[in-house]
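A.B. asks: Pasting a structure below so you can have a look.
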Protein chains: 2
Amino acid sequence: MADEQPPVIEQTVGDEKGPSKNEIKKRAKEAEKAKKAAEKAAKQAELEAQKAAADVDYASELYGKAPLNQSQSRPRQTRVQIASLNPNLDGETVLLRARVQTSRAQGNKMVFLNLRQRTDSVQALLTVTPEKVSKQMVKWTASLQDESIVLVEGVVKKSPEIIKSASVGDVELHVSKIYLISGLESRLPFTVEDANRPETDVNAGEDVQYKRVLLDTRLNNRVIDLRTQTNQAVFKLQNAIGHFFRDFLDSQGFMEIHSPKLQGAATESGASVFKVNYFKGSAFLAQSPQLAKQMAIAADFERVYEIGPVFRAEDSNTHRHMTEFIGLDLEMTIEEHYHEVMELLDSLFIHMFRGLREKYSNEIEVVRKQFPADEFKWREGPEGTLKLTFKEAVDLLVEDGVAREDLDDIDTENEKRLGRLVKAKYDTDYFIIDKFPMALRPFYTMPDPEDPTLSNSYDFFMRGEEILSGAQRIHDSALLIEKMKSKGIEPESMSSYVDAFKMGCSPHGGGGIGLERVLMLFLKLNNIRRASLFPRDPKRLEP
Amino acid sequence: MADEQPPVIEQTVGDEKGPSKNEIKKRAKEAEKAKKAAEKAAKQAELEAQKAAADVDYASELYGKAPLNQSQSRPRQTRVQIASLNPNLDGETVLLRARVQTSRAQGNKMVFLNLRQRTDSVQALLTVTPEKVSKQMVKWTASLQDESIVLVEGVVKKSPEIIKSASVGDVELHVSKIYLISGLESRLPFTVEDANRPETDVNAGEDVQYKRVLLDTRLNNRVIDLRTQTNQAVFKLQNAIGHFFRDFLDSQGFMEIHSPKLQGAATESGASVFKVNYFKGSAFLAQSPQLAKQMAIAADFERVYEIGPVFRAEDSNTHRHMTEFIGLDLEMTIEEHYHEVMELLDSLFIHMFRGLREKYSNEIEVVRKQFPADEFKWREGPEGTLKLTFKEAVDLLVEDGVAREDLDDIDTENEKRLGRLVKAKYDTDYFIIDKFPMALRPFYTMPDPEDPTLSNSYDFFMRGEEILSGAQRIHDSALLIEKMKSKGIEPESMSSYVDAFKMGCSPHGGGGIGLERVLMLFLKLNNIRRASLFPRDPKRLEP
């Protein structure tokens, strides 16, 4: 010990006379003192040695940073999912890979972990146990950063009481081994817990005790933001909508197609098309698969759908516009009447809504915790979906006090107002408006047979926002050319499209659905960017 | 009748003397003659009137050009599919919409039609029948241009012998009504029959009696070309491959994602990226969903796939390159070893091959008529898919006489040679090459744990052409940055990608499949453009 000096025996050199009695007594006393000190030091050293022996880490093989996985070996050990853990496994040893969502040390002998896999989490704990869990192992585990990925072996134990902080709350995991698979090399911009807080909490004003994570911060660090249980659920639901779309259409004899996004000409409407440098010339990004899917009909494909990106070069910075989104598009031949298409689309939506409610209620529930919303309502049974004509919709708004002269078109604000009126009157969040004025629709829309100012076209609405636009199309090239000219489009500029109808084409119609809009409105996420994995808008191209 | 003059009674004027007996006799005779002539004329006139009456078209309501379908009415009549017709329906009246593939008049009393719906066809005929089918109706039907779309009502009749020119050959349709739904306003550039001829016939040299339709002509008039039975089958098979891909991955716990095609930076390799004018700046089209799907893994999505367009700005004008094609991409976490991914991908392909063989043999047969090919072969059972290391593949080629010094990489020519060698030796059209040299792979590829010149990467081959490329990826940001720098890529230029791995990321791997390549090689279509609905290459942006 550096701070315990060895006793110094005092000597008087050059003093030749013998020691006095007192002196002898004094010296004996000092010698006795020195002996005791030496004994004390020896005892201390022994204790130190014992302590050092105790510090040899008997658990050193049971934890630590794993070497970088380069597929060095393949022991084929079974790894489990947190969701599969339950009290019936009490006493069984399991192995799993998970994130450390949070860790909490209790003294230096115990640490609690919240382990997370996607939407599932479980509590794990380590307690110092001779020959098993060492103090060092506990200390190392407690030092793991949140969001580290670990490989954990542990024994499943029925938990004495439900653990509310975990989605699997009836068991806990008594950790026997823990290795770091991937750590963090940077500070988290925000915690996943904060990012998962109910929007109501963070909007609570001055009482807010949590850090609010702003949308832009989330999107700048989307990889972290996507790890929240809410977002894991949101994108499971996005996946589900696509599947319901496909399953329904497959059952109705549709075929999936893939049409090119690179176009030779700026189609439909030149203003909002992205231009691409194409070798020595230019190309344009398709605003929709409209032309291609109609050409597929002219090529006898009969019933087609496509799921793919559509691009809009509109400088709109709103809650519901993106420059790239996923279009769920379909087109089909008509035997007699365009209501065949409209009714099929209606059945498609009912199929999606039902599927979501029946098979994804857990995910909807998870999202609702962060984004509280009334349950999405639609009408079923004999009365069926509410269908209004454009004129009837206008009348409803006029009745409610909107000036008729402002209703040549129904703008976003009046759409929402209409949604509220319809909800109040018919108790539905989902309805159809049919028979739009021709002036509001694109050139390829089929006019009404009796009133040429109207068209055979419809929009579908969810919570007062448009989510689908569709119509019967003009399949006659002469009429098509006439309409193009009347809208100031040169037929020559779209000659392969026009030509497709010169070789015989069946009457047909279809529609295009915005995937992210359906998702946003079903869940009431309030901003379309939340419904897109990596959203793109006029100001965002990263990540 | 213009050529039958009315009889003129001869009169001698200015002869005052009375008629002689002879004269009287003569006159009486002439009167008699005139009377008979008049009677004959009257009878003739009556016949003419009768005949004129017969020319009044008793069938005029039963045929003709239908008014443009603007959804005027909805009688809700059942329409049938040609494929559903069979001898059990003998005597029943059916209604259907179909193309007139060809028509052939027999005299002026009968006309045969070949009616087509996609891959199905049936013979129809009209015969003049009093009160039912008129001569005019037959004449009008015979005048219909090939490829016109008609609505036909007719009686199904068991045909006395199998009609070889129709896919449904055991019945014919006796037409009672026929209306033109959509006619042609332009000459066909080629007939659908010519476009559907076996490639062997049109390649037969000087004996060729059919008009050969060149690929460029087909692609310039793709809407007509796509109507061939071959192409209808090709795109049903394209649709099927996508469905098998999805079904298999869904069953393995994968989730579908949609990643943005608009990128803020030219990623992966700047040279072959299309640049987009993005408001006041620039964007770039994604060459693959590589970065996004890896970021989805860093965001805990665990197992993801995407089906979407990928863009390559390579000025390659070969049989197997396009500037836009459909990528079937997947990425998944690894528990122990990247062979987990490789084996899953292998199972995916076996699932697709089996599905095609078991559920789409008719379509494969239809395509084979135009594009003769050996049946696609793969190995199943205990021996499983042939897996070679890159080194073993090189050895096979060296054994066959290729100089080893030319085999740092295996070029297209040697790939095909390898395909032939493997086919001869192992009787399979499908195999895997594993452990590619690191130098041949992109920066994000995980190096082999023992030999840093090798990598944990693989390619899959069909008929000697690469259809999938994949690997374990680097999930450690420090190693990733090191590899980027060694390949001359500035990590700062891809910061949101690099950052994703700084916040903890599970070991993972994946692969990307070219949909059109799989389709082309399975069917041996010889040119990738035939496997794309509206192909895009450096010289083609239309239709």
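Only the coordinates and a few stated rules stand behind these numbers; no lab work does. Note that the structure is a prediction, hence the values are computed from the model and not measured. Neighbour counts are summed over all protein chains in view; Cβ atoms, including those assigned to glycine, are modelled from backbone coordinates with ideal geometry.
A.B. asks: For the protein assembly as shown, what number results from the quotient of the Cα radius of gyration and 2.2 N^0.38 Å?
C.D. replies: On the way: Rg = 40.6 Å, N = 1086, 2.2 N^0.38 = 31.3 Å.
Scaled against compact globular proteins, the figure is 1.29.
A.B. asks: How big is the C-alpha Rg of chain B next to the rule-of-thumb value 2.2 N^0.38 Å, as a ratio? Let's see the in-between values first.
C.D. replies: Details: Rg = 36.2 Å, N = 543, 2.2 N^0.38 = 24.1 Å.
Its radius of gyration relative to the 2.2 N^0.38 Å reference: 1.50.
A.B. asks: Can you give the local net charge around A:Pro130? Use residues other than it whose beta-carbon is closer than 13 angstrom to its beta-carbon, Lys and Arg +1, Asp and Glu -1.
C.D. replies: That sum, taken over residues with Cβ under 13 Å, equals +1.
A.B. asks: I need the calculated FRET efficiency for the pair A:Ile162 and A:Leu214, taking r as the beta carbon distance and R₀ as 41 Å, to the nearest 0.05.
C.D. replies: 0.75
A.B. asks: Follow-up. Calculate the FRET efficiency for A:Lys416 and A:Glu492 from the Cβ-Cβ distance with a Förster distance of 56 Å, rounded to the nearest 0.05.
C.D. replies: Working from the Cβ atoms, E equals 0.85.
A.B. asks: May I ask for the angle, rounded to the nearest 10°, between helix A:477-486 and the longest principal axis of chain A, with both axes built from Cα atoms and the value confined to 0 to 90°?
C.D. replies: That helix lies at roughly 80 degrees to the long axis.
A.B. asks: Another one. With θ taken as phi - 60° and the coefficients 6.51, -1.76 and 1.60, list the Karplus ³J(HN,Hα) couplings across region A:128-143 in order, rounded to whole Hz; mark glycine and proline as x.
C.D. replies: Taking θ as phi minus 60°, the curve returns 4, 9, x, 6, 10, 9, 8, 4, 4, 5, 5, 4, 5, 5, 5, 8 Hz for region A:128-143.
A.B. asks: Measure nothing fancy, just the Cα-based angle from helix A:21-55's long axis to the longest principal axis of chain A, in degrees from 0 to 90, nearest 10.
C.D. replies: 30
A.B. asks: Net charge near A:Gln294, counting Lys/Arg +1 and Asp/Glu -1 over other residues with Cβ under 10 Å of its Cβ?
C.D. replies: Local net charge: +1.
A.B. asks: Another question, then. Mind giving me the FRET efficiency for B:Asp194 and B:Asp247? R0 is 35 Å, r the Cβ-Cβ distance, nearest 0.05 is fine.
C.D. replies: Details: r = 37 Å, r/R0 = 1.06.
For B:Asp194 and B:Asp247, the calculated efficiency is 0.40.
A.B. asks: Once you put a point 7 Å from the Cα of A:Ile24 and another 7 Å from the Cα of B:Arg79, both along the Cβ direction, what distance in nm separates them?
C.D. replies: Result: 13.5 nm between the two label points.
A.B. asks: Right, something else. Provide the convex hull volume over Cα atoms per residue for region A:414-543, in Å³.
C.D. replies: Working: hull volume 21.5 nm³, N = 130.
Value for region A:414-543: 165 Å³ per residue.
A.B. asks: If region B:43-179 were replaced by its equivalent ellipsoid, with semi-axes equal to the square roots of 5 times the Cα gyration tensor eigenvalues, what would those be, largest first, whole Å? Write out the running numbers ahead of the final one.
C.D. replies: Numbers: eigenvalues 154, 68, 38 Å².
Three semi-axes, in Å: 28, 18, 14.
A.B. asks: Let me ask another. Using modelled amide H (1.01 Å from N, peptide plane; none on Pro or chain starts), what sits under 5 Å from the amide H of B:Ala105, excluding residues fewer than 5 places away?
C.D. replies: Here the answer is B:Phe112, since their amide H atoms fall under 5 Å of that of B:Ala105.
A.B. asks: Which order results if A:Arg417, A:Arg74 are arranged by neighbouring Cβ count within 10 Å, fewest first?
C.D. replies: With the sparsest Cβ surroundings first, the list reads A:Arg74, A:Arg417.
A.B. asks: Please grab the % of Cα pairs in region A:216-258 that end up more than 13 Å from each other.
C.D. replies: 65
A.B. asks: Another question about this same structure. Can you work out the Karplus-derived ³J(HN,Hα) for every residue in region A:460-470? Use 6.51 cos²θ - 1.76 cosθ + 1.60 with θ = phi - 60°, whole Hz, and x for glycine or proline.
C.D. replies: 10, 10, 10, 6, x, 10, 5, 10, 8, 10, x
A.B. asks: Check which residues have an amide H placed less than 5 Å from B:Met446's amide H, if you skip close sequence neighbours.
C.D. replies: B:Asn456, B:Gln472, B:Arg473, B:Ile474
A.B. asks: Next question. Restricting to the protein assembly as shown, compute how many DSSP beta bridges are antiparallel as a %, nearest 5.
C.D. replies: Percent antiparallel among DSSP bridges in the protein assembly as shown is about 85.
A.B. asks: Find out how many positive minus negative residues lie around B:Gln72, taking Lys and Arg as positive, Asp and Glu as negative, among other residues whose Cβ is under 11 Å from that of B:Gln72.
C.D. replies: -2
A.B. asks: At 7 Å along the Cα-to-beta-carbon direction for both B:Asp406 and B:Glu375, put a label point, then send me their distance in nm to one decimal.
C.D. replies: 3.5
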